Amino acid sequence: MKKVAVILSGCGVYDGAEIYETVLCLLHLARNGARYQCFAPDQPQHHVIDHRTGEESGEQRNVLTEAARLARGDIQPLSELKADDFDALLLPGGFGAAKNLCNFAFEGAECEVDNEVLAACKAFAQARKPAGYCCIAPVLIPKIYPAGVKGTIGTDAPTAEAFAAMGGEHIGCAVTDVVEDEHYRVISTPAYMLARSITEADTGIGKLVKRLLEM
């Protein structure tokens, strides 16, 4: 039975991990006979957004504590993730990936990845273990893999240009499809970068998880 590490960035599309994407990732892993363990950085999240209004609430929350909501409490600090214990890595999207796992949301192509996140993702890359990135999470890919690595965030031109500026090769992709870099064993899908419904997101995520486990 394959075992997959899943890195979350909080809970909620605007300031954490995208809930639908996370649930779909975990559901497809289970349906394909894989086990998974969720992880998240034990650190304050960048800010808290009131999801009714889209405005900052002024609260302070912890990424790991919030991500535990999605994982039904079965989650570990990212510092405890060891690539040797897993067959693959998976990162759902949501703005938390661009705010808490790195600062792409604020710095674009000049962004930096959180040291703990960078070390964890690079450990899988260096071990040539497959990894999947959904939605906005693929902006991490050029920071983890060598120049020329292929990936997608869909069709958003400014984000695609930033992906290329960071050294990656961006490939436009429909929401229902995936982009795979066979050499570096990394796969990505646009999910809610393009999805207009949960069913559209489901199709691409389903393909990504199936291929991830095949890899």
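Taking G73, is it open to solvent by less than 70 Å² (accessible area, probe 1.4 Å) and closer than 25 Å to A164 by Cβ?
In short, no.
Looking only at region 30-63, how many residues end up being open to solvent by less than 70 Å² (accessible area, probe 1.4 Å), within 27 Å of A131 (Cβ to Cβ) and touching a Lys or Arg at 6+ places or on another chain (Cβ under 8 Å)?
Final tally of qualifying residues: 4.
Give the residues of region 1-29 that are open to solvent by 10 Å² or more (accessible area, probe 1.4 Å) and over 17 Å from N100 (Cβ atoms), sorted by residue number.
Answer for region 1-29, where residues must be open to solvent by 10 Å² or more (accessible area, probe 1.4 Å) and over 17 Å from N100 (Cβ atoms): M1, K2, K3, Y20, V23, L24, L26, L27, H28.
Whether any residue in region 2-17 is over 15 Å from the mean Cα position of the chain (by Cα), touching a residue at least 12 places away in the same chain (Cβ under 8 Å) and outside any strand (DSSP E or B) is what I want to check.
yes
Please verify whether V117 is within 21 Å of L29 (Cβ to Cβ) and at pLDDT 95 or above, treating the condition exactly as stated.
Yes.
Within the bounds of region 84-97, is there any residue that is over 24 Å from K210 (Cα atoms), open to solvent by less than 70 Å² (accessible area, probe 1.4 Å) and modelled with pLDDT of 95 or more?
There is at least one residue in region 84-97 that is over 24 Å from K210 (Cα atoms), open to solvent by less than 70 Å² (accessible area, probe 1.4 Å) and modelled with pLDDT of 95 or more.
The values are calculated or read from the model by the stated rules, or taken from the named source; none is laboratory data. Bear in mind the structure is a predicted one, so any value in this text is a computation, not a measurement. We place every Cβ from the backbone using ideal geometry, glycine too, and count neighbours over all the protein chains shown. Surface areas here come from the heavy atoms of the whole protein model, side chains and all, with no ligands, DNA or RNA. Shrake-Rupley method; radii C 1.70, N 1.55, O 1.52, S 1.80 Å.
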